[in-house]
Structure formats: C-alpha cells, structure tokens
Amino acid sequence: MPYANLQDFMVRVRRANPNYEHVVRSSLHGLVGYLSSPGFAPAGVPSRVVAVPAGKRRKYREAMHRLIVDVTPLSYSVVFGAEGPQRRAVRFAHVAQAQWPDVFARTYDTVEALGQSGDAYAQAVVAGAPPALATADSVEQFMIENAGTTGVVMIHLNDTQAGYARAIDGQRTIEHVISVLRVAEMLDMPVMNLAQNQALPPVAPELVPVWNDLRNKRTVVQPHGHMGDGDPAFNLWAERLQNVVVTGYDAEVCVHANIFGAPEHSRSDDRRGIRRLRPLTTVANVISSRAIVVSTGAVIAKPEFGLMNG
C-alpha cells in the first residue's frame, strides 16, 4: 500500500516548487516513486531520502518534516544533518516565579519608580534569567519530538518588517518563521498570535497562507505594552503548555520582554488587583532560535539570550 499521507506530502513539495517535474525530472523522483508504490514500507524510506542531495532536502524542508513525523525509522539528523548554529533550538527552562528577581514582589508604586530606571531593571533580569541551553538541531525538530506539550507564540508579526529579508543559513528569516508555523499546522499545535494594533490584519502578508491553514489558532490584541501576560486568554493558553516556542518581532524589545520580562503591570483604574506581568519563562519552558526572531539590527546583543546572540 502506498504511503498514507502521499497527497499531503505532494502538496508540501509543490508549495516549495510549483513547477515540480513540469519540465525536468526532480531529484525527488525516486523517493516519490517509492512512496507511491504498492510495495512502500517505512524501513525503505531513509535510504531513499539520503539519496536526495542535501541542498534539495533543505529546499523541500516542509515535505521532509512530513516524512519525519510519519516514518518512524527516519530521524531529523538523517534528513538534515547538522544545522547551522543560528537554526539550533535554544531552551530557557521554566523558572518558578518565586525564584525570579524580587522585582515581582515589589509594590505597584515601586514598580512605577523602577520603570524610570532601565539599568536597574535590566540588571535584575540578567541576574534571574535562566541559562540558554542547546536542546535540538532545530526548533522544528523540538516541536516534532514534543508535539503533545508544545505551542507556538507569534509576537507582533502583523506587519512587514525589513528584518524579514535578513538571510540566516541560506534562507530569509521570514522563511524560517514560516517553517515553524508549517510544523505547527501539520501537528495541529496551538498557536497564539499576540498583536498590538487592532487596526492591522492579524498577520503580515508574507504569513497569510500559513496563517489561513492553521486550525488551532487565536489572536489577542494587547495595545498597551509588549507582554501578552496582561490578557487572560493569553495566560490560560500558556498555562496549559509545558513548552512554548517563541517567534516574533522585535527580538531585542517585544520578544525579549515576553521571554524575560519587562517593567510592565496589569492595568486597573483604581490600582486594585494590579500585578507584575509574568515573562513566559515563569509559565513554561521557552524554545526559540536566532533564525525565528526578527531583529531591527543585524545582530542580537542581549546577555540573557545567550546562545541566541549574534
């Protein structure tokens, strides 16, 4: 019997190459022929994947992810080999809120004062940030291997930014972001889209096709500040997960605030019930990579990012 998800595999092949085998035989021809044959067996897939040139495997990355998900003998390392350092997944371990810097215990008035001293706050964040640990060859690999406990947060990706075009490991940053979202779509992972401006579309034009295909998605709009924790729906979403993949813009401001914290608080007209907003690292493990965060400058240079700097 042929490969059960052959039709979906070919959709992903043609998304990478709309002219697949219109003129010349593709480097995927032998693999596709085997997947289509009545004699298909999972054990025969790895050798046929390896026969595809490495550059072509990366070109058809989304289709290869489909096979990795479905075919047990096929591993990520067999398909892609060693990924570049900026694609490698970095893990920031969940830290109990009580163990975070004492900025969380400060009163509202003290927080207001602290907000006037960026240096003091920055030092507290550096002191309390969990270390950046290499955890997988790529964020997509981590997602595939931890599908049942992982969701994706998109931070402020509802407008086109110059940083989308920045090349990392041979692809534009926005293509790395799309690759992560395609894995989320494939695995039906929960996706939370954090926006700041209600007047803008949910996502930038470059992301519309993958956004439309996501089934398990939600958008929340937080017009005040950078952090999603001020929205109850965002909180409930994150608290149900063990791991949160973070992608978004801007790496050194909005992404940084959501991962590590910022001097922001919940809003209340009478100051009752006001609390410090929590960074995602006090809710779940955070997974990201340099390749899936969009920066204004060419490099990230924040000590808390550790392995993601550069």
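Brief remarks follow.
- The number of residues in region 30-52 that are open to solvent by 70 Å² or more (accessible area, probe 1.4 Å) and not charged (D, E, K, R) comes to 5.
- Test result for Val220, within 27 Å of Glu83 (Cβ to Cβ) and among the hydrophobic types (A, V, I, L, M, F, W, C): no
- Filtered residues of region 27-57 (kept if free of Cβ contacts under 8 Å to residues at least 12 places away in the same chain, more than 14 Å from Asp70 (Cβ to Cβ) and assigned to a loop (DSSP other than H, G, I, E, B)): Gly39
- Meeting the requirement of 2 or more residues that are at pLDDT 95 or above and buried (at least 20 other Cβ atoms within 10 Å of the Cβ), the helices (runs of 4 or more DSSP H) wholly within region 190-277 are 208-213, 232-239.
- The set of residues in region 132-157 that are of a type outside the set (A, V, I, L, M), crowded, with 20+ Cβ neighbours inside 10 Å and part of a helix (DSSP H, G or I) comprises Glu140, Gln141, Phe142.
- Taking the listed residues Asn197, Asn212, Asn243, the one that is of a type in the set (S, T, N, Q) and touching a residue at least 40 places away in the same chain (Cβ under 8 Å) is Asn243, with no other qualifying.
The values are calculated or read from the model by the stated rules, or taken from the named source; none is laboratory data. In this text the structure is predicted, and so the values were computed from the model without any measurement. For neighbour counting, all protein chains shown are included, and Cβ atoms are generated from backbone atoms with ideal geometry for every residue, glycine included. Ligands, DNA and RNA are excluded from the accessible area calculation, which covers all protein heavy atoms including side chains. Shrake-Rupley method; radii C 1.70, N 1.55, O 1.52, S 1.80 Å.
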